[in-house]
Amino acid sequence: MSKEVGDYLLKKEIGKGAFSVVYEAIKKSTNEEVAVKVIDTAKSDPQKLQGEIKILKMVDHPYIIKLYDVFDGNDGKLYIITDLVKGGELFDRISDKTFYPEDKAKIVVKRLISAIGYLHSMNIVHRDLKPENILLKSPDDDTDVRIADFGFSKMITEDAQILLTACGTPVYVAPEVLNAKGYGMEVDMWSIGVITYVLLCGYPPFFASVLGIKYEGGVLIAADTLGSYGSMALFKDLERVIKLGKYTIIAGSGEYSDFIELNETLQKKVNGDECCEGKENGYKPSELYSYAQRILYKHRCDQKPLFVTLIVGGVKKDEIFLGQTDMYGTSFTENYVASGIGAHMAMPLLRKEWKDHMSREEAEHLIERCMKILYLNHCWAGNQYLLGVVDSEGSDIIGPITIDTTGKWDIIA
């Protein structure tokens, strides 16, 4: 149902946020197609809103959303008029395509760099670059992008060349932003790097962390409780460590729904009648690991890959097992493993501190130190984690364990 607001005829809703609705509209005086964003001023942050409008009025670039007009409707609503883009979010386009071929990804990245270079030349830092804030002009063109949503954008001035506010979306934002110890315009380039990875691979590079350690007589596996994309607000308190039978535990970093799907398939194997046929108390951990590898391989062959890195640990009779298989099919067994961002940030400490005949107490302490590195030093984990323990007596899941953030920690690996 059409609605008239000033010189604009609002036609159909094309987007919706917490405090706003976006409409496809026509400017009556020129018959020009535009987008009208209707903002509930009572619910929005006025300072943030005015800052966004100020920056949009300043910029004019082919790959940045263009502002035409702003007016108060005297009805508790603010109306922002921009050019109309009909291609949706880059996030949805990547989801539909799974990933971008290199030639198209190169064009998108080149255009993003052009737009960000322009913003930086005006001393503007965006601070929230992500596929959801990049729009496509047309449904038929995968590369004609427009950077939008300048709500977190900020002007760098001579008096404030270093910014301190922690903001943005964790998986795309540079670590120094989350640390809030001071940063500048270079943080946008980090975000473009993450977006480049997502374009080419179809998933982000930094997943929730899972760590595994063998100790004398058993295995520990720990996982933080954040969601697939690092969102501390929407996806948390997730169970990424799960029992698989009596003597095996599994954990997964990556897309949480894919991990749950894989777990359900493995649980059917363990709980099926065929499981215990000829087996004493079910399968060995290494056998379940091999079965999981075959499941992941079949999904890749069917071009429906599960975006999950799986860690399997267990103890049965004389076997103390710890193995990892990533989403590409790379598999190995080791004395210690790490996936997600933990593979980069915690692995140096694991490599340095792990030793033969490590006690359970020593192993738990090493896990704790690794999780503190991820949470306190690098902000790539939540402040809680689950700990799976398995030995010859069986398995148990402990937690969530809250990381002690008091005091001073000298734990940088």
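Table for the structure above
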item: Among (1) closer than 29 Å to Thr98 by Cβ; (2) modelled with pLDDT of 80 or more - the single one Gly254 does not satisfy; result: (2)
item: Filter result (over 10 Å from Gly252 (Cα atoms) and either in contact with a helix residue (DSSP H, G or I) (Cβ under 6 Å, 6 or more places away or on another chain) or not assigned by the TED database to the domain that holds Lys243 (or both)) within the stretch 297-315; result: Pro305, Leu306, Gly314
item: Residue match in the stretch 50-57 (condition: basic (Lys, Arg) and either in a loop (DSSP other than H, G, I, E, B) or in contact with a helix residue (DSSP H, G or I) (Cβ under 7 Å, 6 or more places away or on another chain) (or both)); result: no
item: Within the stretch 67-98, tally of residues that are without any contact (Cβ under 8 Å) to a residue 40 or more places away in the chain and part of a loop (DSSP other than H, G, I, E, B); result: 3
item: Residues located in the stretch 99-114, provided they are closer than 27 Å to Lys16 by Cβ, of a type outside the set (A, V, I, L, M, F, W, C) and in a helix (DSSP H, G or I); result: Arg111
item: Tabulated pairs, the stretch 190-215, first at positive phi, second part of a helix (DSSP H, G or I) and β-branched (Val, Ile, Thr), C-beta under 8 angstrom, 6+ apart or interchain; result: Gly202/Ile94
item: Total residues in the stretch 355-368, condition farther than 16 Å from Val210 by Cβ and either of a type in the set (A, V, I, L, M, F, W, C) or within 23 Å of the chain's Cα centre (by Cα) (or both); result: 1
item: Residue within the stretch 91-108 that is in contact with a Pro (Cβ under 7 Å, 6 or more places away or on another chain), of a type in the set (Phe, Trp, Tyr) and either over 22 Å from Ile26 (Cα atoms) or not assigned by the TED database to the domain that holds Val194 (or both) present; result: yes
item: Strands (runs of 3 or more DSSP E) (entirely within the stretch 266-373) containing at least 3 residues that are closer than 30 Å to Val173 by Cα; result: 308-316, 336-339
item: Among the candidates Lys43, Lys54, residue that is over 30 Å from Ile113 (Cα atoms), surrounded by fewer than 18 Cβ atoms within 10 Å (Cβ to Cβ) and basic (Lys, Arg); result: Lys43
item: Checking Glu186 against (1) modelled with pLDDT under 75; (2) under 25 Å from Gly342 (Cβ atoms), the condition it does not meet; result: (1)
item: Enumeration of residues in the stretch 300-320 that are surrounded by fewer than 20 Cβ atoms within 10 Å (Cβ to Cβ) and at pLDDT 85 or above; result: Cys301, Glu319
item: Residue match in the stretch 118-133 (condition: within 19 Å of Gly15 (Cα to Cα) and at pLDDT 95 or above); result: no
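The values are calculated or read from the model by the stated rules, or taken from the named source; none is laboratory data. Keep in mind the model is a prediction, meaning the values are calculated, not measured. A quick note on method: Cβ atoms are made from the backbone with ideal geometry, for glycine too, and the neighbour counts reach across all protein chains shown.
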